[in-house]
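To start, the structure under review is shown below, and the notes come after it.
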Amino acid sequence: SIRHIIDAMSELPAFVGNGRLDILYANPLFEALHSELYRDPARPVNTGRFMFLDPRARTYYVDWDTIARDVVASLHGEAGRNPYDRGLSDLIGLLSTRSEEFRVAWARHDVRFHHSGTKRFRHPLVGELTLAYERLELPADQGLAIVTYSAEPGSPSEAALAELAGWASARQRLSHVAER
């Protein structure tokens with residue numbers, strides 16, 4: 001199953017998401033990297049909601065303006081593919097009514113598809129990371145994709161990811177102990 005694949009990628013932050021930017025399943029390292037995102041009690045976790053409605057996003061994403069434009073352009077692309085998606089309409093309505101920046105960006109009607117690139121994060125525990133990402137569409141599961149992040153070998157970002165991996169592993173062990 002897809003969950004087993006994501007869990008097997010223990011050294012790479014990875015998640016399964018949809019075109020609405022919902023994170024449907026993520027491995028522990030992704031959750032550790034994006035711990036700020038998971039503070040929102042609403043489920044599923046949604047990148048667009050975090051980007052425009054949570055003030056921590058501006059600190060967390062080093063290049064907030066660029067990523068915000070990419071988020072809006074991705075949502076525009078999804079709206080073109082799935083114009084009758086009620087969940088997408090609800091998300092766009094929420095963001096439009098609560099974020100002036102989203103409303104202005106949405107009115108531009110930019111459409112872009114992002115399958116790879118680089119993002120810079122400012123994590124509260126390990127500091128700044130620069131990570132490459134790849135989006136792999138899942139043909140058998142229409143509308144879903146696996147997204148992975150990786151650091152340049154030998155870079156400070158790789159060391160920071162290793163530190164987060166240790167933290168995520170310890171957290172996971174503690175949660176298993178607590179379940180017993």
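When we screen Ser74, Ser10, Ser89 for residues that are without any contact (Cβ under 8 Å) to a residue 12 or more places away in the chain and open to solvent by 20 Å² or more (accessible area, probe 1.4 Å), the only hit is Ser89. If only residues of region 23-40 that are among the charged types (D, E, K, R) and without any contact (Cβ under 8 Å) to a residue 40 or more places away in the chain are counted, the one that is least open to solvent (accessible area, probe 1.4 Å) is Asp40. (1) loosely packed, with under 12 Cβ neighbours inside 10 Å; (2) not in a helix (DSSP H, G or I): which one isn't true of Gly80, the others all being true? The failed condition is (2).
Taken together, Phe15, Phe30 contain a single residue that is closer than 18 Å to His115 by Cβ, touching a helix residue (DSSP H, G or I) at 6+ places or on another chain (Cβ under 6 Å) and either part of a helix (DSSP H, G or I) or not charged (D, E, K, R) (or both), which is Phe15. Could you grab me the full set of residues in region 93-117 that are polar (S, T, N, Q) and not in a strand (DSSP E or B)? Once the filter is applied, which keeps residues that are polar (S, T, N, Q) and not in a strand (DSSP E or B), region 93-117 yields Ser96, Thr97, Ser99. When Thr97, Thr118 are checked against the criterion of being without any contact (Cβ under 8 Å) to a residue 40 or more places away in the chain, open to solvent by 50 Å² or more (accessible area, probe 1.4 Å) and touching a strand residue (DSSP E or B) at 6+ places or on another chain (Cβ under 9 Å), Thr118 stands alone in meeting it. Among the residues of region 134-173, just one is in contact with a helix residue (DSSP H, G or I) (Cβ under 8 Å, 6 or more places away or on another chain), over 17 Å from Ser1 (Cβ atoms) and among the acidic types (Asp, Glu), namely Glu152. The condition of being under 18 Å from Gly127 (Cα atoms), open to solvent by 10 Å² or more (accessible area, probe 1.4 Å) and over 13 Å from the mean Cα position of the chain (by Cα) holds for only one of Arg43, Arg58, Arg3, that being Arg58.
The values are calculated or read from the model by the stated rules, or taken from the named source; none is laboratory data. Not measured: the values here are computed from a predicted model. So basically every Cβ, Gly included, is an ideal-geometry build from the backbone, and we count neighbours across all protein chains shown. SASA here: full protein model, heavy atoms, side chains in, ligands and nucleic acids out. Shrake-Rupley method; radii C 1.70, N 1.55, O 1.52, S 1.80 Å.
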